[in-house]
Each structure stands twice: as C-alpha cells, then as structure tokens.
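S.K.: For reference, the structure I am asking about is given below.
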Amino acid sequence: MVLLLPLAACARECAPQIRDGWIRLVPGGMSMQAGFGRIDNRCPMPATIVSASSPAYASVELHESKTIGGVSRMRAVPELRIAPDGAAVLQPGGLHLMLMQPRATLKAGSRLVIEFKLKDGRALLGEFEVRRPAN
Ligand SMILES: [Cu+2]
C-alpha cells in the first residue's frame, strides 16, 4: 500500500544533499588532505552541520580559509548553518573539509563516503572522489 504523506511530513523529511564531492590528492603521503564540494539545502528550514567523519580518516574537521593582510589562515568552523534554499560551497581558498590521517593510501579515482551530522541529530552521507590537482 502506498501512503501519501501530508506536506508537513514531507518538509520534515527534507534533507540537504551533498554534490560534486572531491578530495585533493596531495603527493608524498601527506597526513592531511582537503575535501571540497557543495551542500545544497533545498528545504524550507535551515540546516546546521555540526560535525563530519569518515571511516577513511582518523578525523575530519570543517575549516575555513581566509586571507587577512595577505596571509592565508584557516580556522575550524564548529557549526555551518545553511539557509533554506541555500547552499554551502566548499572550495579551495574557502570552506573545506580537513581530512586527517588517512587510514589507507588513496589513489586518484577512489571514492569514499563522508558523513555529516546535523544539529537535529540526522546524518547526511556524501560521496567524495579522490582527484589529482590539475596543475
Ligand atoms: Cu583546513
């Protein structure tokens, strides 16, 4: 039997989506890598990401790079709020995932999953592809 959910229930089940996820492969077995992509929130309520993790890394943090006075600095972002119908874009030079201590050697083309925890307790899964930098 198919149950048609009332609109309010659909809105409650609405979840942000992670798209175009990729991880920059750093040559030389660096113990830290950066992940990028976008998180689309096509829902009528805001979404707040409070943590991220992956079985492929010992730890994952959300960071933001900012150039202040010509010096690039990064800081941890404890909470990332995405407005209704908004998106968070993770890209080189801005927001990124800091992926620490990979548990295995990653190759270009491998795919792995990163889990994002929302403040409301839900979890989002995103697929990330390992890529060699273009330059
Ligand atoms: Cu960082």
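The values are calculated or read from the model by the stated rules, or taken from the named source; none is laboratory data. Source: prediction; values computed, not measured. Positions of Cβ are generated from backbone atoms using ideal geometry, with glycine treated the same way; all protein chains shown enter the neighbour counts.
A quick yes/no check of all residues on (1) within 16 Å of the ligand (Cβ to nearest atom); (2) within 12 Å of the chain's Cα centre (by Cα):
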{"residue": "Thr67", "(1), (2)": "yes, no"}
{"residue": "Val71", "(1), (2)": "yes, no"}
{"residue": "Ala76", "(1), (2)": "yes, no"}
{"residue": "Gly86", "(1), (2)": "no, no"}
{"residue": "Leu99", "(1), (2)": "yes, yes"}
{"residue": "Ala108", "(1), (2)": "no, no"}
{"residue": "Glu115", "(1), (2)": "no, yes"}
{"residue": "Ala123", "(1), (2)": "no, yes"}
{"residue": "Arg131", "(1), (2)": "no, no"}
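S.K.: So Gln91 passes all but one of these: (1) at pLDDT 95 or above; (2) more than 14 Å from the ligand (Cβ to nearest atom); (3) among the polar types (S, T, N, Q). Which condition number does it fail?
M.R.: (2)
S.K.: Filter the range 115-135 down to the residues that are more than 11 Å from Ile23 (Cα to Cα) and either among the aliphatic types (A, V, I, L, M) or surrounded by 13 or more Cβ atoms within 10 Å (Cβ to Cβ) (or both) and list them by number.
M.R.: Glu115, Phe116, Lys117, Leu118, Lys119, Ala123, Leu124, Leu125, Gly126, Ala134
S.K.: OK, next. Just to be sure before I move on: is Ser59 part of a strand (DSSP E or B) and farther than 23 Å from Leu112 by Cβ in the structure I sent?
M.R.: For Ser59, the condition - part of a strand (DSSP E or B) and farther than 23 Å from Leu112 by Cβ - is not met.
S.K.: Also, I was wondering about something else. Pick from the range 23-56 the residues that are basic (Lys, Arg) and either assigned to a strand (DSSP E or B) or buried (at least 19 other Cβ atoms within 10 Å of the Cβ) (or both): which of them is modelled with the lowest pLDDT?
M.R.: Step by step, filter the range 23-56, then rank; the result is Arg24.
S.K.: What is the residue count in the range 95-112 for residues that are touching a strand residue (DSSP E or B) at 6+ places or on another chain (Cβ under 9 Å) and exposed (fewer than 15 other Cβ atoms within 10 Å of the Cβ)?
M.R.: Result for the range 95-112: 7.
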